[in-house]
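Trainee: Got a structure for you, questions after.
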Amino acid sequence: MSGERGAIEIVGLVKRFGDVTAVDQLDLSVRAGEFICLLGPSGCGKTTTLRMLAGFEFPDSGSIVISGRSMGDLPPHRREVNTVFQAYALFPHMTVAENIAYGLRQRRTSKQEISRRVGEALEMVRMSAMAARRPRQLSGGQQQRVALARALVNAPSVLLLDEPLAALDRKLSEEMQIELKLMQTELGITFVFVTHDQGEALSMSDRIAVMRDGKIEQLADPFTVYDSPASVFVASFIGQQNFFHGTVGDGRTVNTPDGVFSAGRGPDPHPGRGTKGLVAVRPELITLTDDTPDRATRPANVVSGTLASVAHLGDVIQYVVRVVGHEVIVRAPRSNAPRLQPGTSVQCSWSVGDTHLFEAEPSAAVPP
Ligand code: ATP
């Protein structure tokens with residue numbers, strides 16, 4: 001177990017509220033200086049986990065060790081952590097500098113020390129020029145930066161962030177994601193960031209803990225979580241997927257109403273013949289053509305359909321193709337996107353290596 005400043009060790013953490021088990025035997029080791037996201041749908045236990053790290057809630061069982069020190073029932077102000085919430089809760093009658101200095105004043109820090117540390121914190125969040133403004137004179141993003149500075153001024157070894165970008169519009173949120181990541185890398189502080197937004201998690205994290213029903217379903221770096229999801233849940237929660245449901249045939253094949261598809265990836269050993277299964281492929285890995293793919297170069301998985309719509313998503317073009325009983329989403333970079341009209345008969349093709357096989361949830365075997 002690492003006692004390094006900023007390292008976190010969570011073992012067997014459980015928190016119940018009446019009949020609800022919000023956090024269920026959760027284990028997690030966070031390295032000092034790591035940026036980790038707790039990602040998952042509403043109610044999966046992210047915030048409760050964060051609140052136990054902060055000391056606002058106490059576990060029913062299990063342990064939390066931060067920087068080598070057991071948290072036990074230590075109150076929030078005695079932990080080396082600070083929390084930034086979605087609601088910034090800045091004092092409206094105080095200036096930016098006064099807001100940041102508030103906690104230090106309460107602890108009777110000397111004036112000189114306060115001024116130095118507030119100056120540093122303002123610099124970290126690039127808000128030095130706005131020290132004398134009041135919160136109402138700031139944009140949402142600037143207010144969020146003040147809330148960050150207010151936490152950073154205490155020089156925590158761990159910063160806990162609970163959906164801090166949720167109130168910002170998309171463009172501002174994307175800018176803040178870049179800034180937060182740069183800031184975290186520069187400061188070397190451990191960040192534990194709670195979000196239900198997979199884009200935020202993918203863009204900033206060193207590792208993502210994908211949570212479901214109070215447990216971690218997969219813990220891995222963004223590449224692994226995106227390219228090699230451990231379950232259907234992770235595959236569908238992160239990024240977009242096309243799923244084809246059916247029955248597992250020989251090897252890693254699935255017989256579906258749209259055809260037989262082969263998968264290069266999936267559980268080992270693969271689910272038995274006759275098991276309910278599904279294959280998944282990402283929209284950007286499918287090639288769309290209006291003629292039959294050349295047999296010599298033809299990838300193994302092909303489905304025919306009718307192009308239903310074409311949408312411009314900026315640098316990417318998205319196609320919706322109607323196949324038997326459902327739709328297939330295809331994405332292509334604008335520079336390489338085929339010019340096709342809705343109503344055209346098209347072929348979607350993709351390689352076996354890009355195809356994942358999963359057992360259907362809940363797992364139910366059907367007779368071969
Ligand atoms: P969200 O994204 O909606 O905030 P979350 O993943 O952060 O969700 P939690 O807030 O940790 O989830 O909640 C986990 C479960 O525990 C939910 O079912 C929630 O209703 C329940 N819960 C959380 N706090 C309390 C509480 N104080 N009293 C009762 N139940 C609670």
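Trainee: Most mobile of Val158, Val30, Val20 per a Gaussian network model of the chain (Cα springs, under 10 Å)?
Mentor: Val20
Trainee: Report the extension gain between Phe58 and Gln106 in nm, rounded to one decimal, defined as 0.36 nm multiplied by the number of residues separating them, less their alpha carbon distance.
Mentor: This chain segment gains 14.8 nm when fully extended.
Trainee: Taking the alpha-carbon centroid of each part, what is the distance from segment 113-176 to segment 189-211 in angstrom?
Mentor: Using only Cα atoms, the two centres lie 19 Å from each other.
Trainee: What is the list of residues in segment 249-289 whose amide nitrogen lies under 18 Å from a point 7 angstrom out from the Cα of Ser309, following Cα to Cβ?
Mentor: Under cut-off, by backbone N: 283-284.
Trainee: If a/c stays under 1.5 just call it rounded; otherwise compare a/b with b/c (prolate if a/b is bigger, oblate if not). Do that for segment 104-194, with a ≥ b ≥ c from the square roots of the Cα gyration tensor eigenvalues.
Mentor: Because a/c hits 1.5 or more and a/b fails to exceed b/c, segment 104-194 counts as oblate.
Trainee: Comparing Leu159, Leu313, Leu50, which has the greatest mean-square fluctuation in the GNM of the chain with Cα pairs linked when under 10 Å apart?
Mentor: So, out of Leu159, Leu313, Leu50, the one fluctuating most is Leu313.
Trainee: Moving on. Across segment 316-330, in residue order, what do the Karplus-derived ³J(HN,Hα) couplings come to in whole Hz, using 6.51 cos²θ - 1.76 cosθ + 1.60 with θ = phi - 60° and x for Gly and Pro?
Mentor: With coefficients 6.51, -1.76 and 1.60, one gets 10, 10, 10, 10, 10, 10, 8, 10, 5, x, 7, 10, 10, 9, 10 Hz.
Trainee: Rounded to two decimals, what ratio of Rg to Rh does segment 154-273 give with C-alpha atoms and a Kirkwood Rh?
Mentor: Computed over Cα atoms, the ratio is 1.10.
Trainee: Given labels modelled 7 Å from the Cα in the Cβ direction, how far is it in nm from Asp250 to Gln25?
Mentor: 4.0 nm
Trainee: If you don't mind, another one. With both bridge residues required to lie in segment 121-262, what share of the DSSP beta bridges run antiparallel, to the nearest 5%? Let's see the in-between values first.
Mentor: Values: 11 of 16 bridges.
Among the beta bridges of segment 121-262, antiparallel pairing accounts for roughly 70 percent.
Trainee: Cross-link candidates for Lys276: which lysines have Cα within less than 28 Å, leaving aside residues fewer than 8 places away along the same chain?
Mentor: Lys215
Trainee: Let me ask you something else. Return the sequence-ordered ³J(HN,Hα) values of segment 188-204 in whole Hz as given by the Karplus equation 6.51 cos²θ - 1.76 cosθ + 1.60 applied to θ = phi - 60°, using x for Gly and Pro.
Mentor: The phi angles translate into x, 7, 6, 10, 10, 10, 8, 7, 9, 9, 5, x, 4, 5, 5, 6, 10 Hz.
Trainee: Also, I was wondering about something else. What residue among Ala201, Ala131, Ala337 shows peak mean-square fluctuation when the chain is described by a Gaussian network model with Cα springs under 10 Å?
Mentor: Judging by the Gaussian network model, the answer is Ala337.
Trainee: Rounded, prolate or oblate: which fits segment 213-351 when a ≥ b ≥ c are the square roots of the eigenvalues of the alpha-carbon gyration tensor, with rounded for a/c under 1.5 and prolate only if a/b beats b/c?
Mentor: Oblate, since a/c reaches 1.5 and b/c is not below a/b.
Trainee: Testing the spin-label approximation: label points 7 Å from Cα along Cα→Cβ at Glu4 and Leu74. State their distance in nm.
Mentor: That separation, rounded to one decimal, is 1.9 nm.
Trainee: Under a 1.4 Å probe, what is the accessible area of the chain per residue, stated in Å²?
Mentor: 48 Å²
Trainee: What part of the accessible area of the chain, given as a whole %, is carbon or sulfur when the probe is 1.4 angstrom? List each step's numbers first, then the result.
Mentor: Details: 8800 of 17670 Å².
Carbon-and-sulfur percentage of accessible area, whole number: 50.
Trainee: Under Stokes-Einstein, with the Kirkwood radius over Cα pairs standing in for Rh, what whole-number D in µm²/s applies to the chain at 10 °C and 1.306 mPa s? Intermediate results must be reported in sequence, preceding the final value.
Mentor: Numbers: Rh = 23.2 Å.
Translational D for this selection: 68 µm²/s.
Trainee: Continuing with this model, one more query. Pop a pseudo-label 7 angstrom from the Cα along the beta-carbon direction at both Arg322 and Ser228 and give the gap in nm to one decimal.
Mentor: Here the modelled spin labels are 4.0 nm apart.
Trainee: Straight-line reach from Lys111: which aspartates and glutamates have Cα under 16 Å away, leaving out those fewer than 8 places along the same chain?
Mentor: Counting by Cα, and skipping residues close in sequence, Lys111 has these aspartates and glutamates nearby: Glu98, Glu120.
Trainee: Work through the residues other than Asn154 whose Cβ is under 11 Å from its Cβ and net out their charges, Lys, Arg +1 and Asp, Glu -1.
Mentor: +3
Trainee: Something else about it: For Asp291 and Ser351, compute 0.36 nm times the residue count separating them, minus their Cα-Cα distance, and round to one decimal in nm.
Mentor: 19.9 nm
The values are calculated or read from the model by the stated rules, or taken from the named source; none is laboratory data. Quick caveat, the model's predicted, so the values are computed rather than measured. Reconstructed Cβ throughout: ideal geometry from the backbone, glycine too, with neighbour counts over all protein chains shown. When the accessible area is computed, the model is the full protein with side chains, heavy atoms only, and any ligands, DNA or RNA have been set aside. Shrake-Rupley method; radii C 1.70, N 1.55, O 1.52, S 1.80 Å.
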